[in-house]
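*Asks:* Pasting a structure below so you can have a look.
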Amino acid sequence: MRAEASLSQWKRLYDLTIKIKELEPWKQLWDIDLITIFMPDMEEPCYFSIMGKSGEHFGIGTYVGYDGINSFCEIFESQETKVPIEYVMSELNNLSCIFGSREEVPNRQRKIIKDLGLKFRGKNNWIFFESNKKGYIPYILDEKEVVLLTKLYEQLFHALQTLLVDGFKVDFEEGETFVRAYDRKTNQWVSFSAPLSFPRSSYSDIVVEDEVFLKRLEKKKGVNTRLEIDMVYTNAFVEGEGFDRPINPKLLLLVDHDSGVIIYHKLLTPFDEDSKYIFSGVINYINEVGRPPVIYYRNGNIKTVINDLCERVGIRVEYMRELPKTSKVLEDFLNRVR
């Protein structure tokens, strides 16, 4: 059950954020110069990215745990993994503080700012927050997130003071991170530099182990129809029972590469297992129509699901930067729902 933060809780967060902003950390730190904080009551570390040195987007990205920081790293690996950057950005798991303009501030955040009696003026000076969660529309922080971010910002402020004001040296260019951690033996917070390391996501193919099932598919007749398969976020604002915030559904499409006819489609919620429906679309087509010579994809996450299956039954899987027929279908669909 979602609970909204009280005005006093928001005030504490805003007070800390204003103090952090006054340090102007973006003048010395790039967004890839990560700060790592180990909280005594959390099993996994939290990571902080300071944005603004490029002079474009100003703010603070907070990545809680390994799932969070891995979603950050996937941005930089999107070319290697062949996952469209707009898809990767929609998979981001973080708590964002944005220093923007008045027109960027959502209405609910603007009311909180007004009720707190805060006065912001000019570009990059309006402070507001977003919770980004895979499968959901960016949304206002709930009570737990406000309390958590406040607790983290208390330590982030001290970390930035040590790093920027006291001049603590960290070799970010050589892959180090600034670390702030609680030492239980001395009951004190300590600061040090260390190589940046964390568990990474695996992009290995999903292996199909049912040999009888594979043999049956391999015996299906070959057909000449080439297919396109894609999965995109619709960016549609969908509310409903069981969701504590609006979801951002994905649309999975299997399309005839030559005619543009939709063969299979499925709207996916955060509770749906993507791979299940990707398999279903491809396998149902093979069973009902036959084995296509090739399936084109532009989202590497789909390739990890179907690659082993297709190799085993004699179907080529090929990357295309753009899927012409699928793009037209998506454009028509999104124009209707937005």
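Only the coordinates and a few stated rules stand behind these numbers; no lab work does. The model shown is predicted, which means the values in this text are computed figures rather than measured ones. Neighbour counts run over all protein chains shown; Cβ positions are idealised from the backbone, glycine included.
*Asks:* Among N299, V212, I247, whose Cα sits farthest toward the positive end of the charge dipole of the chain (+1 at Cβ of Lys/Arg, -1 at Cβ of Asp/Glu, about the Cα centre)?
*Replies:* It is I247, whose Cα lies furthest towards the positive end.
*Asks:* Quick one: Debye curve from the C-alpha atoms of the stretch 7-195, no solvent, what's log10 I(q)/I(0) at q = 0.07, 0.11, 0.17 Å⁻¹?
*Replies:* For the stretch 7-195, the Cα-only Debye profile gives -0.19, -0.49, -1.22.
*Asks:* Once phi is turned into θ = phi - 60°, what whole-Hz ³J(HN,Hα) does the Karplus curve with 6.51, -1.76 and 1.60 give for every residue of the stretch 165-181, x standing for Gly and Pro?
*Replies:* 8, 7, x, 4, 8, 9, 8, 4, 5, 9, x, 8, 10, 7, 10, 10, 9
*Asks:* Counting only residues 5 or more places away or on other chains, whose amide H sits under 5 Å from the amide H of F128 once H atoms are built in the peptide plane?
*Replies:* Under 5 Å from the amide H of F128: I98, G100.
*Asks:* A follow-up question, please. List the equivalent ellipsoid semi-axes of the stretch 200-264 in whole Å, largest first, each obtained as the square root of 5λ for an eigenvalue λ of the Cα gyration tensor.
*Replies:* 32, 21, 12
*Asks:* Under a straight-distance cross-link criterion of Cα-Cα below 27 Å, which lysines are reachable from K123, leaving out those fewer than 8 residues away in the same chain?
*Replies:* K11, K19, K21, K27, K53, K111, K114, K133
*Asks:* Sticking with this structure for a sec: Rg to Rh for the chain: what is it, with Cα atoms only and Rh by Kirkwood?
*Replies:* Details: Rg = 23.5 Å, Rh = 22.5 Å.
The Rg/Rh ratio comes out at 1.04.
*Asks:* How would you order 298-311, 52-65 from highest to lowest mean count of nearby Cβ atoms within 10 Å? It would help to have the intermediate numbers written out before the result.
*Replies:* Values: 298-311: 20.4, 52-65: 17.9.
Descending packing order for the listed peptides: 298-311, 52-65.
*Asks:* Which order do peptides 283-292, 240-249 fall in by mean Cβ count within 10 Å, highest first? All intermediate terms of the calculation are to be shown ahead of the outcome.
*Replies:* Working: 283-292: 15.8, 240-249: 13.9.
Peptide ranking by packing, descending: 283-292, 240-249.
*Asks:* While we're on this one: What are the ³J(HN,Hα) couplings of the stretch 98-108, residue after residue, when phi is run through the Karplus curve with 6.51, -1.76, 1.60 and θ = phi - 60°? Round to Hz, x for glycine and proline.
*Replies:* 10, 9, x, 9, 4, 5, 7, 6, x, 4, 5
*Asks:* Show the residues, 5+ positions off or on another chain, whose built amide H is closer than 5 Å to the amide H of A5.
*Replies:* E143
*Asks:* How big, on average over all directions, is the shadow cast by the Cα convex hull of the stretch 211-337, in nm²?
*Replies:* Working: hull surface 33.2 nm².
Taking the Cα atoms of the stretch 211-337, their convex hull projects to 8.3 nm² on average.
*Asks:* Run the numbers for D256 and E143: contour at 0.36 nm per residue of separation, minus the present Cα-Cα distance, in nm.
*Replies:* Full extension from D256 to E143 adds 36.0 nm.
*Asks:* Ok, one more. Which cross-chain or sequence-distant (5 or more) residues have an amide H under 5 Å from the amide H of F58, H modelled 1.01 Å from N in plane?
*Replies:* F99
*Asks:* Per-residue HN-Hα couplings for the stretch 283-291, Karplus 6.51 cos²θ - 1.76 cosθ + 1.60 at θ = phi - 60°, whole Hz, x for Gly and Pro?
*Replies:* So the J values, rounded to whole Hz, are 5, 4, 5, 4, 5, 8, 10, x, 8.
*Asks:* Kindly work out what percent of the DSSP beta bridges joining two residues of the chain are antiparallel, to the nearest 5.
*Replies:* 80
*Asks:* Which residue, V146, V83, V208, tops the fluctuation ranking in a GNM of the chain built on C-alpha contacts under 10 Å?
*Replies:* Fluctuation is largest for V208.
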